[in-house]
Every structure is written in C-alpha cells, then in structure tokens.
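The values are calculated or read from the model by the stated rules, or taken from the named source; none is laboratory data. Everything quoted here is computed from the prediction, not taken from an experiment. Heads up, the Cβs are rebuilt from the backbone with ideal geometry, glycines too, and the neighbour counts pull from every protein chain shown.
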Amino acid sequence: MHRSLLLAGLGILLTLSPTYGLDIFSGFGVRIKDIAMIEGARPNQLRGMGLVTGLDRTGDRSDNSLAFEMMKAIMRQEGLIPDGEISGLAQNNAAVMVYAEIPPFAKPGTKIDVQIAAIGGATSLTGGVLLQTPLKGADGNVYAVAQGALSTGTFEFGGNASKVRKGGTSGTVAQVPLGAIVEEEIPVNMVRNQYIYLSLKNPDFTTAVRMADAINTMKLFKEHLIDEPASPIDAATIRIELPEKLRDQAKNFATPGRRNGQPQLIRIIHQIENMIVEPDQTARIVVNERTGTIVVGEHVRISTVAISHGALSVSITENAQVSQPGAFAEGDTETVDRTSVDVVEGGGQTNLLQGGITVAELAKALNSLGTTSRDIIAILQAIKKAGALQADLIIM
C-alpha cells in the first residue's frame, strides 16, 4: 500500500515512498515579495446591482420582482413603455449582484473579471447577458463598468416536464471573464511621511527581524547615509525609512497622474521585493483524518517517548449450509447460515524514540512499525496527549 507523509511549509518537503525511500529538501530562502506586501498597494473590492437578460424563462418570473421593475425603468429611459400595464417581462430577466476585485495601479481601460450572483427568484442564469452595470467602491465612487455574456460552467437539457443540469455550479452564479472596464484609477498611498511599510502575509517575529536585517544591508541605503533604514514594528510590520532626497517625490505618489520622475522610488521597492529571506514558522502538524493527509512543519520535535504498535485482525465468514431431515423423518429441507469469526492479534513492537528527534527520524521510526497514514495520525495524537510532541497538532 502506498503510504506518504508530506512534510511541508517553509522548511522541509519529505516524501515516504512505498519502499520507504526518503527525500529531503532542507531550508531555503524566498523573495520578500512572496511573503510580504507593500502597505497601500492592495486590491480593492467593487460592487454593483445589475440586470441579466436573455434567459430562457428561468428569470425572476414574478411581475412584482426587482427584475421587472429594473426592466421597466430601462424601457422608460428608452421611451418604449406603452400606455397601460405590461406583464411577462420578468421571466427572461434576473436581478443580480455584480462584484469584482480591482488590482492596485489598474489604469482606465484595463479589463478585469466580474462575478455575478442572482438575488431574486431566478432558477438559472445560463445563456444570459449582463447589461451595463456601474461598479462602485466602498467610498461610493464608480471605478468600473461591467457588461457581457455570462459563463456559468453548466449546461441544461430537457423538455417541458423535466430538465437535467450538469456542471460545477447551481446555475445562479456566473462570471464574465474580463467583463468590466476600469474607468478610474483608485489612489494608492504606499508612502506615509517618509516611510514605506511592509506587511507580512504570515506574521512572525523572527521573519520580521530577518527581513529588516536583510534590507539594512542594501548598498543603496548606505550610499544615502541611512544606517538602519528598516526596523520591525511588530510581528507583521517592517518600517523602511526613505532617503531624504526621495521624500518630496514620495508625497505625490498617492495621486494618479503625478508619479512622473519617480524611477528611484520604484527601483528601491524593486530591490526590496527581490531580496531573499528565509522565513520562520511555528512548529506545527496538520492532519486530515478523512483523507489520511499529514503535513508536518520543519521545526517539529518530540521528547523521549516509547511507541508500541500492534495490529488486530478480525475475519468474519458467512457460509450457507443445507439442513435436511434424515430418511423417513418428518420435516423440510432448509438453508441455515453458519458464521465463523476469527480474531488474530499481531505481535506488537515497541520503539524508543530519543528526545529531540527530527521529522525525518520520526517518519523513519513510524514506518519501521509498518504503520499506515491513519495509524500515524493516531500515534501523533497519542504523543501529543502524552506531552511529548513539541508542536501544535491541528486536526482538520
């Protein structure tokens, strides 16, 4: 049986093959841009309410629905509403919520993806088209406009009596790839006073100190007579002081259209983002009992502990036998079930694991016991309960 123990995170990747082969890739460094982000240079969420039309009688249906009112408003704008009441508009239309994420520095004309979700009584958005919908930010300003044919990832077949739908979604959620056009750039403020701030994606004091120490070795800052421009503020934040001659330039950076003549600031950020740092992490083991997956961090250690592993095999066999009366005897021939139960308990082995062993040594010891992934999970839980596992054990 194939058994694998995945040791991942930011330290070691260990794979145990069926033949118990061992491959280890030890400590490594990553770019700062992969573990941290510049504060202010972040995406923003946009939202709008729109109307999807062109549906095949799967819309909001009711003439009192929001889709009906929205369609009437559009028709009035076009001067097409006749005198008197109209009906039947809603069945081919659906009111939807449209939302998108706009990246930092997105310029007018840039296209972004949009997601659509029905908010009324529509049963499917398949085959629909989103009409022009303004998308607003949290400040109420319009930053993009969305429109286009919907993609639901589903298809339907059927007749009047029944339909069959296949696909990964319910049909009431869809998307329009590159369906929104950015109309206005969102201001990005990466510089506060004379500082740039880095935010760690996974806060950690050790990693923050390592990042600050690495930035402080940059030749660029030495040339501008800044001894230690970077300092860790907390486990998630590093503050970087800008050279004095760039501070006036940085004031205009938050204003779109006033960033000309700032290549030096961009180059500083470029150099910082591409510096290599070895991140740290908390000793942690994550297990998924449903799938048998085990993920172990690099710094996991266990104290001295003895592990005994035994196997209990239970075999139950059902045999049908024919029972019939003897010669000249009264009675009927019948089928009788016979159950055989056999219980075998394998000889357990006891292994002593010395304190401070590494993940590789732990995996080797567990495999020497002939354990499966589920056995390893049970053993790790027992070691943790005994107080010998010096790591967080997270059960999914």
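Going through (1) touching a strand residue (DSSP E or B) at 6+ places or on another chain (Cβ under 6 Å); (2) at pLDDT below 90; (3) of a type in the set (A, V, I, L, M) one by one, residue 238 falls short only on (2).
Residue count for region 28-84, restricted to those that are surrounded by fewer than 21 Cβ atoms within 10 Å (Cβ to Cβ) and either among the basic types (Lys, Arg) or in a loop (DSSP other than H, G, I, E, B) (or both): 26.
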